[in-house]
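Comments concern the structure below.
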Amino acid sequence: MRNEELTNAQPAIIRAFFASFAEGILSANAERQEGTVEMTPRIVKTVMLEHYEEISKNFFDVMFNPLALLHYDTAEELIGILRSPDIAPTIKSSMDLFRHACRTEEAHEDMVTEYRRNFASLLAGKVMSLDDFYGGFPEGYLQDSDEHKEREVRALTQTVVKAFFAGRKTAKAECAAGSNQVYLFRLLLDSMQTLLHSRPVVMDDDIDLNAAFMLVCRNENNLSTMLQTMEESFLS
């Protein structure tokens, strides 16, 4: 059962992880091939199955901080809970940490639901499309937002950058900084829609990059936060 009080943010960043991690792996695989490689469902499934075990490990490594950023006002608040005498002895695994990062049982259940939904899509040979993402929610559950969603935009941007490079590292990609930026811009254009819109954004084929980002980010503050966080994530 969906938690009606949750915003777009948590399902958006979970899909962003899977899309970005898969893009990192698949782009590295394509670069090792001669000529153009068509990413058919069979190829996507085969390549992702080769890295099946790394998905869950990297999900924890990448997603703990963005989830905590969504659900807590400060890192110190979560650290204090994890170190408290009542909680510290009960933490036995990464899943225990995730329960606290999600803060509530409802949010944790939604996290598990979205993890399984995205994982199943990858194993079926595709990254979950925008239509499939939006189709998984009841009408009116996801919302449009023209507000400055600083915390949410930071969490999603961190997820995209960290997950993409985790995928590249997993696939032992050679460094190609210029092409990496192209991949990241495409991933951010795609993922920001799920955070700030209730349906896929319609764009003209000839729209320029700046206008496209302004359209999906909805205002200059969100766009500025995305670009600043992208730069910070590169440096960290």
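Quick check on my filter: what residues within region 75-96 are among the small types (G, A, S), within 26 Å of K57 (Cβ to Cβ) and in a loop (DSSP other than H, G, I, E, B)? First the steps, then the outcome.
From region 75-96, those among the small types (G, A, S) are 75, 80, 84, 88, 93-94; that's our starting set.
Applying the additional criterion that residues be within 26 Å of K57 (Cβ to Cβ) yields 75, 88, 93-94.
Selection gives S93 alone.
Tallying residues that are over 15 Å from M230 (Cβ atoms), in a helix (DSSP H, G or I) and hydrophobic (A, V, I, L, M, F, W, C) within region 176-211 yields 2. For region 218-235, a tally of residues being in contact (Cβ under 8 Å) with a residue 60 or more places away in the chain and either part of a helix (DSSP H, G or I) or more than 23 Å from V201 (Cα to Cα) (or both) returns 8.
M111 meets all of the listed conditions (1) assigned to a helix (DSSP H, G or I); (2) closer than 25 Å to V47 by Cβ but one, namely (2). Looking across L142, L97, L123, one residue alone is in contact (Cβ under 8 Å) with a residue 24 or more places away in the chain and over 30 Å from A75 (Cα atoms). It is L123. Of the residues examined, E106 is not one that is surrounded by 19 or more Cβ atoms within 10 Å (Cβ to Cβ), acidic (D, E) and in a helix (DSSP H, G or I). Of S191, S224, all but one fail to be open to solvent by 40 Å² or more (accessible area, probe 1.4 Å), closer than 15 Å to E152 by Cα and small (G, A, S); the exception is S224.
The values are calculated or read from the model by the stated rules, or taken from the named source; none is laboratory data. Computed from a predicted model, the values in this text were never measured in an experiment. When we count neighbours, we look across all protein chains shown, and the Cβ atoms used for this are built from the backbone with ideal geometry, even at glycine. To get the accessible areas, we keep the full protein, side chains included, count just its heavy atoms, and leave off ligands, DNA and RNA. Shrake-Rupley method; radii C 1.70, N 1.55, O 1.52, S 1.80 Å.
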